[in-house]
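> Attaching a single structure in structure tokens format; questions to follow.
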Amino acid sequence: MNRFALVALTAVFFVTPAAAAEKSKYNIGAGYGLANGGVLSLHADADISNTANAPVKARIGYDHYSLDYNNFGGKYSWSYNIFYGGAYYDLNRDLKLDKKVHPFVGLGLGFGTASCSGSWCNWASSPTVGGLYFIGGLQYNIAPTIDAEVNLNGWGGLTVGANFKF
């Protein structure tokens, strides 16, 4: 079932932007989330406004974090790799803000694996993790090809980063 979800999600987020390729704008970005001991986040966005007839962008991405424990003399670590895809709505037009300021909200679906390493991991399996995620934040255009981004999301919590347009 998880492989089917991966294929379906990948198809949706690669086919939809491809259908809008004539007017689409793409960017890639990276961020660092303050939740879960620190989350490294990499993502790519595609403007799908012309297919959705609204200021909407699709986002696919990857988050990685690990949590270290030292309990009762045993040390172990859980490592998480999350792949996600979703869409977010740009509120700039609705709020009539300066063209450099772009607040946004969105939803998506993420899934991945967790693995345990260390002295107490003999009992642990590598479960599949994920589910519905939310994202909300603000992008600010600091240069013609760079947006600073601050967001609140399901895995990274408060996340700061930048997006590079091409």
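What follows draws every value from the coordinates through simple rules; no lab data is involved. None of the values given here were measured: they were computed from a predicted structure. Heads up, the Cβs are rebuilt from the backbone with ideal geometry, glycines too, and the neighbour counts pull from every protein chain shown.
> Evaluate the distance, in nm, between pseudo-label points positioned 7 Å from the Cα of F166 and of V101 along their respective Cα→Cβ axes.
3.1
> Are there any trypsin sites (Lys or Arg not before Pro) in the range 79-154 that are in a DSSP loop and have at most 15 other Cβ atoms within 10 Å? List them by number.
K96, K99, K100
> Next question. Using a Förster radius of 25 Å, what is the FRET efficiency between A35 and I146 based on their Cβ-Cβ separation? Nearest 0.05, please.
Between A35 and I146 the formula returns 0.50.
> OK, next. At q = 0.19, 0.25, 0.31 Å⁻¹, what base-10 log of I(q)/I(0) does the Debye formula yield for the range 36-77 when every alpha carbon is treated as an equal point scatterer in vacuo?
For the range 36-77, the Cα-only Debye profile gives -0.69, -0.84, -0.98.
> If each Cα of the range 118-166 is one equal point scatterer, what is log10 of I(q)/I(0) from the Debye formula at q = 0.14, 0.27 Å⁻¹?
-0.56, -0.97
> Which FRET efficiency value, to the nearest 0.05, do you get for N53 and S115 by plugging their Cβ-Cβ distance into 1/(1 + (r/R0)^6) with R0 = 45 Å?
0.60
> Give me the aspartates and glutamates in straight-line cross-link reach of K100: C-alpha distance below 13 Å, same-chain residues under 8 apart excluded.
Result set, ordered by chain and number: D90, D147, E149.
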